[in-house]
Amino acid sequence: MIGLAAGGAAMYQAMSALGFAQGTQVNGELPLGEAPRGASVLILGAGLAGMTAAYELRRAGYAVQVLEYNDRPGGRNWSLRGGDRYTELGGATQECRFDPGLYLNPGPWRIPYHHSNLLAYCKRLGVRLEPFIQINYNSYLHSLEAFGGRPQRYRCIDADYRGLVSELLAKAVNQQALDAPLSHEDREKLLESLRDTGALDAAYRYVQGNVSSDVRGYAKDPGGGLSGKPVPSQPIEAHQLLESGLWQTLGSAYDQQYLFQTTLFQPVGGMGRIGEAFGRALEGLIRYQARVTRIHQDARGVTAYYEDLHRPGTTLQARADWCLCTIPLSVLHQIPMNVGRPMAEAIAAVPYAPAVKIGLQFKRRFWEQDEAIYGGTTYTDQAIFSISYPCCDYFSDGKGVVLGAYTFGEPALELTAMSPAQRVREAVRQGALIHPQYPEEFDNGIAVAWNRVPFIMGCYGMWSDAVRKRHYDNLCRIDGRIALAGEHASYLSAWQEGAITSALDAITRLARRAHAEADA
Amino acid sequence: MKARLLSLLTLTLTLAVVLTAWSQSAAQSTGTAAQRDEIPDDAQLAHASGGVIYRHICQACHMADAEGAVGAGHIPALAADARLASAQYMAAIVVNGRGDMPAFGPRPDYTGLQAMNHVTLSDAQIAAVINFVRSHFGNHYRDRITPAEVKAVQLRTASNADDEDLSLMAGK
């Protein structure tokens, strides 16, 4: 029933929820049927949405062609590696000078375990995955003001914050100060839970000792023999902890949201491996360096007019019965396309967010060697916002690449407004306030500011609930022979799973129309 | 959420301080202070010149020479732009956004990551940067827009900001 009423992706999601489809291939479940004889689909954009659609539609027997602006498959699924050249809007060209095997993922970089469609395509396409470390309890939380600017270990702030809250709540319970309707037994259980989860001592206090150090770490770790006696660490005093503001990273629940819960994955060798694998699977179907300039539908099909960037000024045409357009709305709203007002207004209603990522190559992996940080992220209140350490090749000699900035909003605009070299310098300067090894060990860097990425001019489509309420369904509904897909046509803004599920949903509906037309 | 917003405020505030220090040191070391205004701290930011705001915010997309850029799509040039004849028109676009260009007026409907990504400029900042652009980059408009007039654009939008008007706010 669900399969009939909703799209294939919806059916798959429903099946996942019921536990039927977990861990199985998605694609077998997609009710596209067999293509009507001679039916064709033109796909605009060879990102994950476009290539998912091409892959599935070809399997169902449709004649498929794909137009892509870039000279590579993947779109935002992209890794920069040594030898790559990247020219941003405004003309600045950077050459990536990373050592072999090292990379920056300018766009997506992690895959939650519940993004089952994307994971299924990785499996199907032979893209090897490895764990991505989201939370590292030994990474830092840093503020220029707090603790004299000295970074604090994540585990200390996390443990001390929970300890403080648990102690205060236990006190309130013991003083009968809670006006919650709790029985005596409830209160006993609550106290027990607070002692356990807050690392409180027998008297419900969060104090220096082995109990709290078992969570926040010791001043001297336990070891063996006569020298092995542990020295417990001293929790941070309550006022200092609160004033530091470092709990904001915990309070924002960023690390603990569903999307970031363990286990997450990354492709071995860079996120771009997925786009590259799709591109190989679709060999011959994708026309690269094709800049779409106009999209026109009539009673029988859809024509895309495009410029061959190898021969600037030329206008070529591609035509099919149906069109799946995955061009980002930031670009699409500038392309003439004869769709109705509801879809046109929806296309123009979604601004694109700024974001900047900066990859820094260092001469050695000092974060591992000096600071025992293996993967994960340090957060700071500086413009760079965060520093993320590589989640692979631990303990290796030689160089390593750190994500030296991943930042949003105003700081991202500020960094974007600089030249690439300035951005890299700024990331090194700010990072050095957390890792003093930076200046000595810095080798080279590369900066991607999404507002200046030529194929999209922004990072992802920014929806609000109000804008979504008015425009989202109109964006997703098929207009004549044209359907849209991409993360912008999903409730998973900026996520690859959003792009893939939107494509599966859209082509399921397109196929139904194709069948209805063929049967008529 | 509150924590996230607080943290953002701190972030923005600190950023201003950090960049001030940085641009000062950069200016000292290279002697090119004129190329890059210092970013003022939070208190000063409210009175930052239009040039400072342009170079640190608008320039991210519209480029240092206000010539915009062309890729798969294009970022509009603001240099020698006849459409800037109306400061009100420009204010409406800066406040409300247009197409992929985000709004720089208040957008309380943004939450979570969107709130983090949204940049709000004050009426005074918007007026200052409009006056700057309209008198630089080959634009020679003599009239100036005031913060109060920007506010009026804002209020006009807000008073109709039921969902009927959202399309207008974001429309082409």
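Name the residue, out of A:447, A:432, that is more than 10 Å from every other protein chain (Cβ to nearest Cβ), in contact with a helix residue (DSSP H, G or I) (Cβ under 8 Å, 6 or more places away or on another chain), within 21 Å of residue A:379 (Cβ to Cβ) and surrounded by fewer than 20 Cβ atoms within 10 Å (Cβ to Cβ). Quick ask: steps written out before the conclusion?
On the way: A:447 fails: surrounded by fewer than 20 Cβ atoms within 10 Å (Cβ to Cβ).
Step by step, each of A:447, A:432 is checked, and only A:432 is more than 10 Å from every other protein chain (Cβ to nearest Cβ), in contact with a helix residue (DSSP H, G or I) (Cβ under 8 Å, 6 or more places away or on another chain), within 21 Å of residue A:379 (Cβ to Cβ) and surrounded by fewer than 20 Cβ atoms within 10 Å (Cβ to Cβ).
If I go through segment A:67-115 residue by residue, how many of them are assigned to a loop (DSSP other than H, G, I, E, B), without any contact (Cβ under 8 Å) to a residue 40 or more places away in the chain and closer than 18 Å to residue A:450 by Cβ?
The qualifying residues number 2.
Per-residue answers, yes or no, for (1) more than 27 Å from residue A:372 (Cβ to Cβ); (2) free of Cβ contacts under 8 Å to residues at least 60 places away in the same chain; (3) within 24 Å of the chain's Cα centre (by Cα):
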site: A:410; (1), (2), (3): yes, yes, yes
site: A:432; (1), (2), (3): no, yes, no
site: A:447; (1), (2), (3): yes, no, yes
site: A:454; (1), (2), (3): yes, no, yes
site: A:458; (1), (2), (3): yes, no, yes
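Regarding segment B:29-40, can at least one residue be identified that is more than 12 Å from chain A (Cβ to nearest Cβ), out of contact with any Gly (no Cβ under 7 Å at 6 or more places or on another chain) and either at pLDDT 50 or above or in a helix (DSSP H, G or I) (or both)?
Within segment B:29-40, one or more residues are more than 12 Å from chain A (Cβ to nearest Cβ), out of contact with any Gly (no Cβ under 7 Å at 6 or more places or on another chain) and either at pLDDT 50 or above or in a helix (DSSP H, G or I) (or both).
Could you please tell me which pairs satisfy a Cβ distance under 7 Å, a separation of 6+ or placement on different chains, a first residue in segment A:326-354 that is closer than 24 Å to residue A:54 by Cα, and a second residue that is of a type in the set (Asp, Glu) and buried (at least 24 other Cβ atoms within 10 Å of the Cβ)?
Pairs found: A:329/B:100; A:330/B:100; A:333/B:100.
Would you mind stating whether residue A:414 is closer than 23 Å to residue B:113 by Cβ, within 12 Å of chain B (Cβ to nearest Cβ), without any contact (Cβ under 8 Å) to a residue 24 or more places away in the chain and part of a helix (DSSP H, G or I)?
No, not satisfied.
Residues B:72, B:79: which one is without any contact (Cβ under 8 Å) to a residue 12 or more places away in the chain, touching a Phe, Trp or Tyr at 6+ places or on another chain (Cβ under 7 Å) and either assigned to a loop (DSSP other than H, G, I, E, B) or at the interface with chain A (Cβ under 9 Å from one of its Cβ atoms) (or both)?
B:72
If a residue has to be free of Cβ contacts under 8 Å to residues at least 60 places away in the same chain and either surrounded by 14 or more Cβ atoms within 10 Å (Cβ to Cβ) or among the β-branched types (Val, Ile, Thr) (or both) to count, how many in segment A:209-229 make the cut?
Number of matching residues: 6.
State yes or no: is residue A:367 at negative phi, in contact with a Leu (Cβ under 6 Å, 6 or more places away or on another chain) and more than 14 Å from every other protein chain (Cβ to nearest Cβ)?
Against the criterion (at negative phi, in contact with a Leu (Cβ under 6 Å, 6 or more places away or on another chain) and more than 14 Å from every other protein chain (Cβ to nearest Cβ)), residue A:367 does not qualify.
Would you kindly identify the helices (runs of 4 or more DSSP H) lying entirely within segment A:230-292 that contain at least 3 residues that are over 30 Å from residue A:161 (Cβ atoms) and modelled with pLDDT of 95 or more?
Values: elements: A:238-244, A:247-251, A:272-281.
Of the helices (runs of 4 or more DSSP H) lying wholly inside segment A:230-292, those with at least 3 residues that are over 30 Å from residue A:161 (Cβ atoms) and modelled with pLDDT of 95 or more span A:272-281.
Which condition number does residue A:121 fail, the rest of (1) surrounded by fewer than 22 Cβ atoms within 10 Å (Cβ to Cβ); (2) part of a helix (DSSP H, G or I) being met?
Residue A:121 satisfies all of (1) surrounded by fewer than 22 Cβ atoms within 10 Å (Cβ to Cβ); (2) part of a helix (DSSP H, G or I) except (1).
Which residue pairs have Cβ atoms under 9 Å apart, sit 6 or more places apart or on different chains, and have a first residue in segment A:385-400 that is more than 22 Å from residue A:355 (Cα to Cα) and a second that is of a type in the set (Asp, Glu) and in a strand (DSSP E or B)?
Within 9 Å, the pairs are A:392/A:130; A:399/A:443.
Scan segment A:485-495 and tell me whether some residue there is buried (at least 23 other Cβ atoms within 10 Å of the Cβ), charged (D, E, K, R) and away from chain B (no Cβ under 11 Å). Steps first, answer last, please.
We begin by selecting, within segment A:485-495, every residue buried (at least 23 other Cβ atoms within 10 Å of the Cβ); these are A:485-490.
Within this subset, residues satisfying the condition of being charged (D, E, K, R) are A:487.
After this cut, where a residue has to be away from chain B (no Cβ under 11 Å) as well, the list is A:487.
Yes, segment A:485-495 has at least one match.
If I filter segment A:270-293 for residues that are surrounded by 15 or more Cβ atoms within 10 Å (Cβ to Cβ), more than 24 Å from residue A:71 (Cα to Cα) and away from every other protein chain (no Cβ under 14 Å), do I get at least one hit?
No, segment A:270-293 has no match at all.
Here are some conditions: (1) part of a helix (DSSP H, G or I); (2) away from chain B (no Cβ under 13 Å); (3) within 30 Å of residue A:34 (Cα to Cα); (4) not acidic (Asp, Glu). Residue A:475 meets all but one. Which one does it not meet?
For residue A:475, the exception is condition (2).
Here are A:240, A:257: which of them is within 12 Å of another protein chain (Cβ to nearest Cβ) and surrounded by fewer than 17 Cβ atoms within 10 Å (Cβ to Cβ)?
Among A:240, A:257, only A:257 is within 12 Å of another protein chain (Cβ to nearest Cβ) and surrounded by fewer than 17 Cβ atoms within 10 Å (Cβ to Cβ).
Among the strands (runs of 3 or more DSSP E) confined wholly to segment A:293-393, which include 2 or more residues that are under 20 Å from residue A:460 (Cβ atoms) and modelled with pLDDT under 95?
Hits in segment A:293-393: none.
The values are calculated or read from the model by the stated rules, or taken from the named source; none is laboratory data. Every value quoted in this text rests on a predicted model; they were computed, and no experiment measured them. All Cβ positions, glycine included, derive from the backbone under ideal geometry; neighbour counts span all protein chains shown.
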